[in-house]
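Visitor: Take a look at this one; I'll ask things after.
The values are calculated or read from the model by the stated rules, or taken from the named source; none is laboratory data. Predicted model only: the values in this text are computed from it and were never measured. Note that we place each Cβ from the backbone using ideal geometry, even for glycine, and neighbour counts take in every protein chain shown. Keep in mind that these areas ignore ligands, DNA and RNA; they rest on the heavy atoms of the full protein, side chains included. Shrake-Rupley method; radii C 1.70, N 1.55, O 1.52, S 1.80 Å.
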Amino acid sequence: MRTKTIAGNWKMNKDSDESVQLIIALKAKSPGFSKDVRVIVCPPFTSLALAKQLFEGTDVAVGAQNMHHEDEGAFTGEISAKMLTSVGCRYVILGHSERRQFFGETNESVNRKAKKALQSGLIPIICVGETLEEREKGITEQVISAQVKGVLNGLAAAEVEKSIVAYEPVWAIGTGKNATPQQAEDVHRFIRKLIGQMYSWPVAEKVVIQYGGSVKPENAAALLRQPDIDGALVGGACLKSEAFNQIIQAANPA
Ligand code: PGA
């Protein structure tokens, strides 16, 4: 049984004071979160330590939005896995389409980061997704297949089992235009079958596959009801505590 997993990706939003406000508002709602839903908050690097401190005593976990694959060294502006774990991070988003589009990330670089994250005790939330052009050309499955094979390359079954894959169609991110539940389910099923072929069906059945792209309180329940949609990676709607809370409630299996 896969745990429904809701992660909030704050992207480059919220300075320190604004972060405190949002975290306090979310924390006030956290007694109402179901124990059966895993909640992860991914603020910018500058707010990770305070998020960890403020969420102390709740079940809300903290994640980062990126990391470097090396342990340390002359990599100006970068953050290592060890730095993330040292402030209490348990998760890290890797290969978000904005990182791929604006910062040159590739399946290979995401794969290196995923390996380091797992070796360091972090659970990677690994993002894949096709562009509108690729969908319209009818090559969604080819694109997703190349991405999944690329980012998981060389990972052991035990590592894949505990990783999270986020299917985020690029055309649905920040556009207000979500994939329909059926469109999303079809790709989630495809990803699960692919992991089944690459590893084994028991491994595929354990992998949590989140959907991301314009998830809102209004569409969350219909998406999360699909058999292979195990959670959501939420951008815009996670910046409002009430909207994020409603999405968490929509994930409640009870
Ligand atoms: P969105 O972003 O919910 O604002 O579409 C999702 C994401 O980029 O993870």
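Visitor: Which one is surrounded by the fewest Cβ atoms within 10 Å (Cβ to Cβ) among residues in the range 193-243 that are aromatic (F, W, Y) and farther than 17 Å from T5 by Cα?
Guide: Step one: list which residues in the range 193-243 are aromatic (F, W, Y), which gives 199, 201, 211.
So of that shortlist, the ones also farther than 17 Å from T5 by Cα come out as 199, 201.
Values: Y199: 19, W201: 12.
Residue satisfying both the conditions and the ranking: W201.
Visitor: Here is a further query. Which condition does K27 not pass, out of (1) among the basic types (K, R); (2) under 19 Å from the mean Cα position of the chain (by Cα); (3) in a helix (DSSP H, G or I), if it passes all the others?
Guide: (2)
So that you can scan it fast, the table gives a plain yes or no per residue for (1) part of a loop (DSSP other than H, G, I, E, B); (2) touching a Lys or Arg at 6+ places or on another chain (Cβ under 7 Å); (3) within 16 Å of the ligand (Cβ to nearest atom); (4) among the small types (G, A, S):
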position: I93; (1), (2), (3), (4): no, no, yes, no
position: R100; (1), (2), (3), (4): no, no, yes, no
position: E108; (1), (2), (3), (4): no, no, no, no
position: K113; (1), (2), (3), (4): no, no, no, no
position: L118; (1), (2), (3), (4): no, no, no, no
position: G121; (1), (2), (3), (4): yes, no, no, yes
position: E134; (1), (2), (3), (4): no, no, no, no
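Visitor: OK, next. Would you point out the residue of the range 182-218, among those that are over 18 Å from the mean Cα position of the chain (by Cα) and within 16 Å of the ligand (Cβ to nearest atom), that is nearest to E161 (Cα to Cα)?
Guide: Selected residue: Q183.
Visitor: Still on this model: Take the residues in the range 244-254 that are open to solvent by 20 Å² or more (accessible area, probe 1.4 Å) and aliphatic (A, V, I, L, M), then tell me which one is nearest to S163 (Cα to Cα).
Guide: Only one residue fits best here, namely A250.
Visitor: Give the number of residues within the range 170-190 that are within 14 Å of G212 (Cβ to Cβ), of a type in the set (S, T, N, Q) and out of contact with any Pro (no Cβ under 9 Å at 6 or more places or on another chain).
Guide: Qualifying residue count for the region: 1.
Visitor: Can you name every residue in the range 118-151 that is out of contact with any Asp or Glu (no Cβ under 8 Å at 6 or more places or on another chain), open to solvent by 20 Å² or more (accessible area, probe 1.4 Å) and of a type in the set (A, V, I, L, M)?
Guide: Within the range 118-151, I123, L132, A146 qualify.
Visitor: Mind listing whichever residues of the range 161-200 are among the hydrophobic types (A, V, I, L, M, F, W, C) and not in a helix (DSSP H, G or I)?
Guide: Residues of the range 161-200 among the hydrophobic types (A, V, I, L, M, F, W, C): 164-166, 170-173, 179, 184, 187, 190-191, 194-195, 198.
Matches in the range 161-200: I164, V165, A166, I173, A179.
Visitor: For the range 128-154, give me the residue count where each residue is under 26 Å from A117 (Cβ atoms) and acidic (D, E). Walk me through it before giving the result.
Guide: Step one: list which residues in the range 128-154 are under 26 Å from A117 (Cβ atoms), which gives 128-131, 143-154.
After this cut, where a residue has to be acidic (D, E) as well, the list is 130.
Total meeting the criteria: 1.
Visitor: Look at the range 165-183 and say how many of its residues are among the β-branched types (V, I, T) and in contact with a strand residue (DSSP E or B) (Cβ under 9 Å, 6 or more places away or on another chain). Don't jump to the end; show me each part of the working.
Guide: Within the range 165-183, the first condition is being among the β-branched types (V, I, T), and the residues that meet it are 165, 170, 173, 175, 180.
Restricting the remaining residues to those that are in contact with a strand residue (DSSP E or B) (Cβ under 9 Å, 6 or more places away or on another chain) gives 165, 173.
Counting residues in the range 165-183 that are among the β-branched types (V, I, T) and in contact with a strand residue (DSSP E or B) (Cβ under 9 Å, 6 or more places away or on another chain) gives 2.
Visitor: Let me ask something else about it. From the list G154, G176, pick out the single residue that is open to solvent by 40 Å² or more (accessible area, probe 1.4 Å) and at pLDDT below 95. Before the answer, list the steps.
Guide: Working: G154 fails: at pLDDT below 95.
Matching residue, one of G154, G176: G176.
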